[in-house]
2 protein chains.
Amino acid sequence: MMSIGQLRSRFDPLTGAIAGAPVTRRRLSDLRGCFADSAAYEATLAAGDPLLYSVASVEPAKGEGDLHYGVGLLMPGRVGAEYFMTKGHLHSWRQAAEIYIGLTGEGVLLLEDEASGESRLVPLRPHHAVYVPGHTAHRTMNTGAVPLTYLGVYPAKAGHDYGTIAEKNFHCVVVERDGRPTMVERKTLT
Amino acid sequence: MMSIGQLRSRFDPLTGAIAGAPVTRRRLSDLRGCFADSAAYEATLAAGDPLLYSVASVEPAKGEGDLHYGVGLLMPGRVGAEYFMTKGHLHSWRQAAEIYIGLTGEGVLLLEDEASGESRLVPLRPHHAVYVPGHTAHRTMNTGAVPLTYLGVYPAKAGHDYGTIAEKNFHCVVVERDGRPTMVERKTLT
């Protein structure tokens, strides 16, 4: 059997760190093309290149029924009216679902069915679990004033497909309207 | 796509309840044969039949890459020196792993490799994730003074095999020795 160190990990719900786990960090410059308001993007980038998010990942095993998990930390902030967001992805193995569990802060998940393009906004908060079905592109936005952290669990064989999103993009973006996160068609902002 | 109600659920980390989710409850009388000290079991049962634990489950979809999850609530207490425990199970689809996330309280997971019988005790606490590999029987014990709650995520097709455990039982039990949870061979107590 695996060692205790492999069987268990400790995560910090405030920083998103997992003891001993590798971390991926994304700055604003890594998200070129994600925000609809490109003038606001260039202006924000010119003022600095802030860290938008980090993801610490644990991959205990890679077999057929195995699971991986990660903790995401997404900073509060906006580019124009658009909330700071993750790149978003589909799973390479399209059937793979994912479960998100909110740890701290307030955010939303933008889900988009790959075939139909149907989009949905689902709140992500502490003690809430969000189900991301298979065949569904998903992106996280921080809609609050403090860092958003969350745990994600997915099949080991899910894989991450960022390329399809980078090419086609999500049809919708999430903006602050009257102080509330609102989903609007991307084309209305460009 | 599913409705928001199907995509999201809210759980109470103190009571283990998930809004709208079915709950399974197990009393001491449901765990006949699980505790090694049968005299202590009968004596505790004669004094009442306390609720040992409940599990609320969410099963959003049943496809190949889908996931299910549940929140367990395990009460504090002992039968003789043995901590209150769950029945424990293997997954019907043996390869299926499971990830446990501690929410409140203090406990341990007893893991036993089905083929080798190798056993391991892994602490379960808030902000800790425990990986239960495939082919591994697992049972939870509350080793603290307050209710233990935890979240478990597993492949939708995992299934629960309680029969194998009911027949063969775990080789080890977890007792309080010098105030600490200690794993001992079951046969040393019977």
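Data for the structure
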{"item": "Nearest-20 debye value, chain A charge dipole, Cβ charges on Lys, Arg, Asp, Glu", "result": "260 debye"}
{"item": "Value of [θ]222 nm, deg cm²/dmol, for the protein assembly as shown, DSSP H segments ≥ 4, -39500 (n - 2.57) each, nearest 500", "result": "-2500 deg cm²/dmol"}
{"item": "Pairs of Lys in chain B closer than 22 Å at Cα, counting only those 8 or more apart or on different chains", "result": "5"}
{"item": "Gap separating the Cα centres of the range B:73-87 and the range A:50-123, nearest whole Å", "result": "37 Å"}
{"item": "Diffusion constant of the range B:102-165 at 37 °C, which comes from Stokes-Einstein with the Kirkwood Cα-pair radius and 0.692 mPa s, µm²/s", "result": "259 µm²/s"}
{"item": "Full-extension gain in nm, B:E118 to B:V184, via 0.36 nm per residue minus C-alpha separation", "result": "22.5 nm"}
{"item": "Chain B, relative contact order [Cα under 8 Å, separation at least 6], %", "result": "24 percent"}
{"item": "Where the Cα pairs of the range B:7-75 fall when distances are cut into 10 Å bins, in %", "result": "19, 37, 25, 15, 4"}
{"item": "Directionally averaged projected area (convex hull, Cα atoms, chain B), nm²", "result": "10.8 nm²"}
{"item": "Between the range B:1-48 and the range A:125-190, the alpha-carbon center distance in angstrom", "result": "34 Å"}
{"item": "Spacing of the two label points (7 Å from each Cα toward its C-beta) at A:E59 and B:Q95, in nm", "result": "1.7 nm"}
{"item": "Residue list for the range B:48-67, given a label point 7 angstrom along the Cα-to-Cβ vector of B:Q6 and an amide N cut-off under 11 Å", "result": "B:60-62"}
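Every number in this text was worked out from the coordinates using simple rules, so none of it is lab data. Since this is a predicted model, take the numbers as computed values, not measurements. Cβ sites come from the backbone with ideal geometry, for glycine too, and all protein chains shown count toward neighbours.
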